[in-house]
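**Q** Structure below; questions to follow.
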Amino acid sequence: MSKVLCIIPARGGSKRIPRKNIKDFMGKPMIAYAIQNAIASQCFDEIMVSTDSQEIAQIAIKYGAKVPFMRSENTSNDYATTSEVLLEVLQRYNEKGKVFDNLCCIYPCVPFLTSDILKEAFTIFCQTDCDT
């Protein structure tokens, strides 16, 4: 059985909407929706948040995600790409001896994402010849 990692990239330095990843939306921080639906989907062996913010890390852990390490300065600036963040996470896990066969990136501000959508997408991914 393949091991699947869910990465939720949540930088603390949002410019247009400060603190957007943890802003309250209908009674919960925005990032809580991504975490809770990732958990409910049961598609992932591990759900982690890549962040440079202690506040985001605490909220992520409260809602059930792992934050095994903090994001580096190189991937915390305005110019870092999502790909760079994902590669950094995979490298850090590899250094700890943890290897995953597949990964899923879920952005933190997705209050209308559901576990059913994630399950359906994962099923399509597994049943086709997709690599991304």
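**Q** Would you check if there is a residue in segment 65-77 being among the acidic types (Asp, Glu) and touching a Leu at 6+ places or on another chain (Cβ under 6 Å)?
**A** no
**Q** List, please: which pairs have Cβ atoms under 7 Å, are six or more places apart or on different chains, and start with a residue in segment 1-23 that is under 20 Å from Ser83 (Cβ atoms) and end with one that is aromatic (Phe, Trp, Tyr) and buried (at least 20 other Cβ atoms within 10 Å of the Cβ)?
**A** From segment 1-23, the pairs are Val4/Phe44; Leu5/Phe44; Cys6/Phe44.
**Q** A further question on this structure: Check Val67 against each of (1) open to solvent by less than 40 Å² (accessible area, probe 1.4 Å); (2) touching a residue at least 24 places away in the same chain (Cβ under 8 Å) and name the one condition it does not meet.
**A** (2)
**Q** So Val99 fits all but one of (1) touching a Leu at 6+ places or on another chain (Cβ under 9 Å); (2) open to solvent by less than 90 Å² (accessible area, probe 1.4 Å); what number is the exception?
**A** Only one criterion is unmet by Val99, namely (2).
**Q** Then there is this: Looking only at segment 38-63, how many residues end up being assigned to a helix (DSSP H, G or I) and open to solvent by 30 Å² or more (accessible area, probe 1.4 Å)?
**A** So the answer is 8.
**Q** Could you check segment 75-95 and list, in sequence order, the residues that are over 16 Å from Val49 (Cα atoms) and either at pLDDT 95 or above or in contact with a Cys (Cβ under 6 Å, 6 or more places away or on another chain) (or both)?
**A** Those that are over 16 Å from Val49 (Cα atoms) and either at pLDDT 95 or above or in contact with a Cys (Cβ under 6 Å, 6 or more places away or on another chain) (or both): Asn94, Glu95.
**Q** Among the residues of segment 1-34, count how many are more than 23 Å from Asn94 (Cα to Cα) and either out of contact with any strand residue (DSSP E or B) (no Cβ under 6 Å at 6 or more places or on another chain) or open to solvent by less than 20 Å² (accessible area, probe 1.4 Å) (or both).
**A** Residues that pass the stated criteria total 22.
**Q** Would a scan of segment 76-94 turn up a residue that is more than 21 Å from Ala32 (Cβ to Cβ), outside any helix (DSSP H, G or I), β-branched (Val, Ile, Thr) and in contact with a Ser or Thr (Cβ under 9 Å, 6 or more places away or on another chain)?
**A** yes
**Q** Can you pull out the residues in segment 70-96 that are closer than 14 Å to Leu5 by Cα and loosely packed, with under 15 Cβ neighbours inside 10 Å?
**A** Residues satisfying the conditions are Leu87, Gln91, Asn94.
**Q** Conditions first: (1) more than 14 Å from the chain's Cα centre (by Cα); (2) surrounded by 12 or more Cβ atoms within 10 Å (Cβ to Cβ). Pro108 passes all but one, so which condition is the exception?
**A** Checking Pro108 against (1) more than 14 Å from the chain's Cα centre (by Cα); (2) surrounded by 12 or more Cβ atoms within 10 Å (Cβ to Cβ), the one that fails is (1).
**Q** Can I ask one more? If we scan segment 9-16, do we find a residue that is closer than 23 Å to Ile124 by Cβ and not in a strand (DSSP E or B)?
**A** So far as segment 9-16 goes, no, none of its residues is closer than 23 Å to Ile124 by Cβ and not in a strand (DSSP E or B).
**Q** Exactly one condition in (1) assigned to a helix (DSSP H, G or I); (2) closer than 26 Å to Asp131 by Cβ is not met by Tyr33; state its number.
**A** With respect to (1) assigned to a helix (DSSP H, G or I); (2) closer than 26 Å to Asp131 by Cβ, Tyr33 is out only on (2).
The values are calculated or read from the model by the stated rules, or taken from the named source; none is laboratory data. Keep in mind the model is a prediction, meaning the values are calculated, not measured. All Cβ positions, glycine included, derive from the backbone under ideal geometry; neighbour counts span all protein chains shown. Only protein heavy atoms, including side chains, enter the accessible area calculation; ligands, DNA and RNA are left aside. Shrake-Rupley method; radii C 1.70, N 1.55, O 1.52, S 1.80 Å.
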